[in-house]
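Chemist: I'd like to ask you about the structure that follows.
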Amino acid sequence: MARLFVFVFLSLLFCQRSMAQGDHISIGIGPSMVYVDNNSGVYQDLNFKVKPAFTASYNKQMTENIALRGTFGVQLLNSGEYDLSFIKRISNWGKQDQAFDFKGTGYFVDVLPVFTTNPNALGMLMSTLQFYAGIGFGGMFVQREQKTLLNGVVEDGELVEGDFVTTNETSFSPYIPFKTGISTNLSGDWDFGLEFSLFVTMNSELDGNNIKHNQINPDMASQILFKVKRYIGPAW
């Protein structure tokens with residue numbers, strides 16, 4: 001009897017009964033950034049623009065381990081202030097009608113299977129935290145204001161002639177989303193989590209510049225989101 005009491009006590013302390021996992025909706029909010037050709041931030045020094053992102057998702061549980069998730073979201077985009085020490089590069093970009101600066105909004109939709117490493121199983125006690133990851137396919141529509149230097153003339157590292165032109169543009173970029181995260185498993189109607197997302201685009205169109213100046217060619221967007229889940233069906 002004493003051994004049984006100790007086992008039950010430890011189970012209640014470290015685990016939760018498998019009641020929570022199942023179909024759910026979720027919302028997320030958190031910081032985000034972009035990796036684009038005209039981003040003037042120095043990535044290795046963590047010097048780049050951080051902007052908010054918001055998501056809403058529907059998660060359909062298919063098996064104990066696998067769910068299918070659809071997500072709609074909004075991410076604010078900004079390349080950061082341009083550095084005039086790169087004026088020659090900016091001038092060369094302008095000769096190819098490529099922007100050196102932009103800010104705007106990206107609207108994205110993606111679908112992906114999500115694999116949970118430690119799912120709830122019928123009749124078993126599970127840990128209070130669950131880990132998951134997934135890869136899928138999506139697309140981002142961007143509305144942006146971009147700046148281009150036209151007719152630029154640079155002498156001795158100084159701009160002596162040129163026109164800074166601001167235009168409003170749109171573009172669409174298909175992307176591959178990679179997502180991984182951790183979620184509570186509280187055996188109730190609500191759970192909370194932290195998720196990291198990386199969008200690798202299949203072109204270089206997010207920022208109005210497709211010179212492919214960076215070491216990694218495709219434009220990318222990333223997010224770190226605090227997630228709130230609400231279960232809408234019976235437990236799996």
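Chemist: Please compute the net charge surrounding GLY134, taking Lys and Arg as +1 and Asp and Glu as -1 over other residues with Cβ under 11 Å from its Cβ.
Modeler: 0
Chemist: Students often forget the sequence filter, so: which lysines lie under 20 Å Cα-Cα from LYS60 once same-chain residues fewer than 8 apart are removed?
Modeler: Excluding near neighbours in sequence, the set is LYS179, LYS227, LYS229.
Chemist: Could you sort THR116, THR167 by their accessible area in this structure, using a 1.4 Å probe and putting the largest first?
Modeler: Details: THR116 20, THR167 45 Å².
In descending accessible area the options line up as THR167, THR116.
Chemist: Net charge near VAL111, counting Lys/Arg +1 and Asp/Glu -1 over other residues with Cβ under 13 Å of its Cβ?
Modeler: Values: positive: LYS60, ARG69, LYS179; negative: ASP110.
Net charge in that neighbourhood comes out at +2.
Chemist: Roughly how many Å² of TYR35 are accessible to a 1.4 Å probe, to the nearest 10?
Modeler: 40
Chemist: Determine the order of PHE137, PHE178 by accessible area, beginning with the largest, at a probe radius of 1.4 Å. The partial results should precede the final answer.
Modeler: Working: PHE137 120, PHE178 85 Å².
If we order PHE137, PHE178 from most to least accessible, we get PHE137, PHE178.
Chemist: Per residue, how much accessible area does region 50-205 show when a 1.4 Å probe rolls over the protein heavy atoms, in square angstrom?
Modeler: Numbers: 7890 Å² over 156 residues.
Here the residues of region 50-205 average 51 Å² of exposed surface.
Chemist: If ligands, DNA and RNA are left out, what is the accessible area of LEU198 with a 1.4 Å probe, given in Å² to the nearest 10?
Modeler: It works out to around 50 Å².
Chemist: When all protein chains stay in place, what accessible area (Å², nearest 10, 1.4 Å probe) is found for PHE72?
Modeler: About 110 Å², rounded to the nearest 10.
The values are calculated or read from the model by the stated rules, or taken from the named source; none is laboratory data. In this text the structure is predicted, and so the values were computed from the model without any measurement. Counting neighbours? That spans all protein chains shown, and the Cβs are built from the backbone with ideal geometry, glycine included. To get the accessible areas, we keep the full protein, side chains included, count just its heavy atoms, and leave off ligands, DNA and RNA. Shrake-Rupley method; radii C 1.70, N 1.55, O 1.52, S 1.80 Å.
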